[in-house]
Amino acid sequence: MQLDGMHHITMITGDAQRNVDFYADLLGLRMVKKTVNFDAPEAYHLYFGDERGSPGSLLTWFEFAGATPGRAGAGMIHTIQLGVAGDASLDFWDNRLGGAGYSSDRSEGSLRFLDYDGLELELVVADPANPPLRARHPEVPEEHAILGVAGARAYIGRPLEADVGLLTETLGFGAAETSGRYRLQGPTRNFELIYEPADRHGIQGAGTVHHIAWHSTDEDHVPWQERVAAAGMHVTPVIDRDYFKAIYFRQPQGILFEISTTSPGFAVDEDPDHLGEQLRLPPQHEHLRAQLERTLTPLRNPRSVETAQ
């Protein structure tokens, strides 16, 4: 079995409209699903990615309206790396972000900046082995579009090698010579995970990462559950998330890992040309539609003429 890179990364935000404005407009991603949190249906769950919501492109957010800012600490991902084509693209994004009032820090092959909630993002030159996962935006030339999620940086306690067995022997990561650096090489995509030491504890809130999901084929999902359990992790039963099936477990340093399937994908309940335009609800919450359409904040989606649910 091989995990095929990352499936998605999920964060927390305090403002759904600013979330859409930043990721679907400023960064040019496509909002591929507007739904609600399975466990808290009064909260949005928004998905952004390439044109079809491909695994490897997906960034998702739970909106807890008015959430106070969090702080990344030990056991939390603190930076998400997004791939772009090259230095010319880094120049483009430096100018675009600056024009929107966001400062950035440019270094060789990298551009770091914070989103409106304080989440750290880093644009890096994409690995040419990763197929490009682009979205279309009228103000973002195709050659400068974001190409998918390339990696993540996480804070953990010491030592940095504490998690090496789970990552390399169970999940199939390769360990680099540099301590704390791991690479997940899948059949079609790869992903770099970098561990950095931190002594401070984290505070979950707006601008922090909730979990990261790795990408499994449908047929390997239950075997992955069994493999993770055999490694001593407390893993959940398989949970149907409508657009993929998922299992969850915390790695020894405290980061919440998920393994998600390819199918059925985001076009299972919407026309692929109109993803993210309408409010979609899990079947168990469909009876709440009238109430949720009254209480959830209407969102302006730059990809849709619709400005309401």
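Residues of the range 1-53 that are under 20 Å from ALA267 (Cα atoms) and basic (Lys, Arg): ARG30, LYS33, LYS34, ARG52.
Confirm whether ALA72 is surrounded by 22 or more Cβ atoms within 10 Å (Cβ to Cβ), among the hydrophobic types (A, V, I, L, M, F, W, C), at pLDDT 95 or above and over 12 Å from the mean Cα position of the chain (by Cα). Judged against the criteria, ALA72 is a match. State whether the residues of the range 218-230 include one that is surrounded by fewer than 17 Cβ atoms within 10 Å (Cβ to Cβ), touching a His at 6+ places or on another chain (Cβ under 9 Å) and either in contact (Cβ under 8 Å) with a residue 12 or more places away in the chain or of a type in the set (Ser, Thr, Tyr) (or both). The answer is no; no qualifying residue exists. Close Cβ contacts (under 9 Å, 6 or more residues apart or on different chains) running from residues in the range 14-34 that are touching a residue at least 40 places away in the same chain (Cβ under 8 Å) to residues that are among the β-branched types (Val, Ile, Thr) and in a strand (DSSP E or B) comprise ASN19/THR13; LEU27/VAL140; GLY28/VAL140; LYS33/THR60.
Residue-wise test of (1) of a type in the set (A, V, I, L, M); (2) surrounded by 13 or more Cβ atoms within 10 Å (Cβ to Cβ).
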residue: LYS245; (1), (2): no, yes
residue: PHE249; (1), (2): no, yes
residue: PRO252; (1), (2): no, yes
residue: ASP269; (1), (2): no, yes
residue: THR295; (1), (2): no, no
residue: LEU299; (1), (2): yes, yes
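Scanning the range 113-170 for residues that are among the charged types (D, E, K, R) and more than 18 Å from ASP94 (Cβ to Cβ) gives ASP117, ASP127, ARG134, ARG136, GLU142, ARG153, ARG158, GLU161, ASP163, GLU169.
Is it true that VAL268 is of a type in the set (Val, Ile, Thr), over 22 Å from ILE77 (Cβ atoms) and in contact with a strand residue (DSSP E or B) (Cβ under 7 Å, 6 or more places away or on another chain)? No; evaluated as a whole, the condition is false for this residue.
Only a single criterion out of (1) among the acidic types (Asp, Glu); (2) in a loop (DSSP other than H, G, I, E, B); (3) modelled with pLDDT under 95 is not satisfied by ASP273, namely (2). Checking each residue in the range 1-10 for being touching a helix residue (DSSP H, G or I) at 6+ places or on another chain (Cβ under 9 Å) and crowded, with 19+ Cβ neighbours inside 10 Å picks out only LEU3. In a residue-by-residue description of the range 280-295, the property of being in a loop (DSSP other than H, G, I, E, B) and hydroxyl-bearing (Ser, Thr, Tyr) applies to no position. LEU26 meets each of the listed conditions (1) over 27 Å from SER263 (Cβ atoms); (2) at pLDDT 95 or above; (3) in contact with a strand residue (DSSP E or B) (Cβ under 6 Å, 6 or more places away or on another chain) apart from (3). Of the residues in the range 120-131, at least one is buried (at least 16 other Cβ atoms within 10 Å of the Cβ), over 23 Å from GLY202 (Cβ atoms), among the acidic types (Asp, Glu) and out of contact with any Lys or Arg (no Cβ under 8 Å at 6 or more places or on another chain). The set of residues in the range 182-207 being under 27 Å from THR262 (Cβ atoms) and either part of a loop (DSSP other than H, G, I, E, B) or of a type outside the set (Ser, Thr, Tyr) (or both) consists of ARG183, LEU184, GLN185, GLY186, PRO187, THR188, ARG189, ASN190, PHE191, GLU192, LEU193, ILE194. Here THR79 meets each of (1) touching a Ser or Thr at 6+ places or on another chain (Cβ under 7 Å); (2) not in a loop (DSSP other than H, G, I, E, B) with one exception, condition (1).
The rows are residues; the columns are (1) in contact (Cβ under 8 Å) with a residue 40 or more places away in the chain; (2) under 30 Å from ARG136 (Cα atoms); (3) among the hydroxyl-bearing types (Ser, Thr, Tyr).
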site	(1), (2), (3)
ALA246	no, yes, no
SER260	yes, yes, yes
SER263	yes, yes, yes
PHE266	yes, yes, no
PRO272	yes, yes, no
LEU281	yes, yes, no
GLU286	no, no, no
ARG289	no, no, no
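If you go through the range 47-59 and keep only what is under 10 Å from VAL32 (Cα atoms), buried (at least 24 other Cβ atoms within 10 Å of the Cβ) and either modelled with pLDDT under 95 or not aromatic (Phe, Trp, Tyr) (or both), you end up with GLY49, GLY53, LEU58.
The values are calculated or read from the model by the stated rules, or taken from the named source; none is laboratory data. Here the structure is a predicted model, which means the values were calculated and not measured. No Cβ is skipped: glycine too gets one built from the backbone with ideal geometry, and neighbour counts run over all protein chains shown.
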